[in-house]
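First the structure, in the form of structure tokens, and then the observations on it.
The values are calculated or read from the model by the stated rules, or taken from the named source; none is laboratory data. Being a predicted model, the structure only gives us computed values, none of them experimental. Reconstructed Cβ throughout: ideal geometry from the backbone, glycine too, with neighbour counts over all protein chains shown.
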Amino acid sequence: MKKESNKKQLGKGIRALLTSMDAEQEVDRKTLSKELSKHVALIPLEWIEANPFQPRKDFESEAIESLAQSIRTHGIIQPLTLRRLSENSYQIIAGERRFRASKIAGLESVPAYIRVADDQLLLEMALVENIQREDLNALEVSISMNRLIVECNLTHEQLSSRLGKNRSTVTNYLRLLKLPPEIQQAVRVKEISMGHARALAGITDLVEQLHIFKKLRADDLSVRSLEELIRKRESGASTGHKPAGKTTINPEIRRIQDELSGFFGSKVALKRSQKGSGTIVIHFNDDDSLNHILDLMHSDD
């Protein structure tokens, strides 16, 4: 792979910024951080090296292979974050699983956000300003929020304070990153709205979630119609009766179950004895839903 053809993959805007640094020209660091935070570069895999300080050393091969298959089908939805070391050298800040899976998937390059310095304040300011842009779709906002949490080590409370948004708003955006790739892609291309995605994110069963998503697209449902459809299906109104013989569940146990179900996108059953012991069962319907759960369990990179 020729150096010149590879360099074209960076994009004119990013290439111009980084070239000015290589030429030792005066660069305003705040402007540079702001610009790089908004753009995604396409970086050849051969230019990227793993982070030697990566706390995780063991990566489950089956989970990486599953992620590779997802990348072959849907591509990389959430870009990696890289630190620029020199002209053709980058180090992973976040995304080593995606990096490894991309190699297995046969990719030659990957989309990435570029960092040029360890200046958390400048990055934080740039990302916050980026989130306030009006032309971002909901998934782009979600990814930027997640970058603030991961790269700037912010809690949800701190993030909501920085952005001047309610914590519930922040939580709703971050939940979009737990949606299946098909739904995330629909949000990205603005086929469905944030309201649609928020309603779909509240469905705990992955199979049901995808079924309703397909009906949403087929019938071009409004947000209100979608919410009504979900309410009817959850209450059993679509069949004209409610399920009989339901056991009453402790409200706190129900809350924990719902929280876990929302995270994994699958039904979760939690049983706890009076002595405090118990079990947590995560249900899945097929290999795809199992792989989705495994991906979430290893999504800390």
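Summary table below
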item	result
Qualifying residue in the range 184-198 (condition: of a type in the set (S, T, N, Q), at pLDDT below 85 and either within 19 Å of the chain's Cα centre (by Cα) or assigned to a helix (DSSP H, G or I) (or both))	no
Test for Arg72: is it touching a helix residue (DSSP H, G or I) at 6+ places or on another chain (Cβ under 8 Å), in contact (Cβ under 8 Å) with a residue 24 or more places away in the chain, part of a helix (DSSP H, G or I) and farther than 20 Å from Arg147 by Cβ	yes
Residue in the range 159-166 that is assigned to a helix (DSSP H, G or I), touching a His at 6+ places or on another chain (Cβ under 9 Å) and small (Gly, Ala, Ser) present	no
Some residue of the range 255-274 being modelled with pLDDT of 75 or more, surrounded by 13 or more Cβ atoms within 10 Å (Cβ to Cβ), assigned to a loop (DSSP other than H, G, I, E, B) and touching a Lys or Arg at 6+ places or on another chain (Cβ under 9 Å)	no
Of the criteria (1) assigned to a helix (DSSP H, G or I); (2) modelled with pLDDT of 85 or more; (3) buried (at least 22 other Cβ atoms within 10 Å of the Cβ), which one Leu123 fails	(2)
Residue selected from the range 199-209 under the condition of a type outside the set (A, V, I, L, M, F, W, C) and assigned to a helix (DSSP H, G or I), by the criterion surrounded by the fewest Cβ atoms within 10 Å (Cβ to Cβ)	Glu208
Neighbours by Cβ (under 9 Å, 6+ apart or cross-chain): first from the range 136-153, in the same structural domain as Asn172 (by TED's automatic domain parsing); second among the acidic types (Asp, Glu) and outside any helix (DSSP H, G or I)	Val150/Asp300
Members of the range 275-290 found to be surrounded by 14 or more Cβ atoms within 10 Å (Cβ to Cβ) and at pLDDT 70 or above, listed by number	Ile282, His283, Phe284, Leu290
Failed condition for Ala50, given (1) under 28 Å from Met297 (Cβ atoms); (2) at pLDDT below 85; (3) of a type in the set (A, V, I, L, M); (4) out of contact with any strand residue (DSSP E or B) (no Cβ under 6 Å at 6 or more places or on another chain)	(4)
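Let's see how each residue does on (1) modelled with pLDDT of 80 or more; (2) surrounded by fewer than 18 Cβ atoms within 10 Å (Cβ to Cβ):
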{"site": "Leu36", "(1), (2)": "no, no"}
{"site": "Ala41", "(1), (2)": "yes, no"}
{"site": "Glu65", "(1), (2)": "yes, yes"}
{"site": "Gln69", "(1), (2)": "yes, yes"}
{"site": "Gly75", "(1), (2)": "yes, yes"}
{"site": "Pro79", "(1), (2)": "yes, no"}
{"site": "Leu82", "(1), (2)": "yes, no"}
{"site": "Ile92", "(1), (2)": "yes, no"}
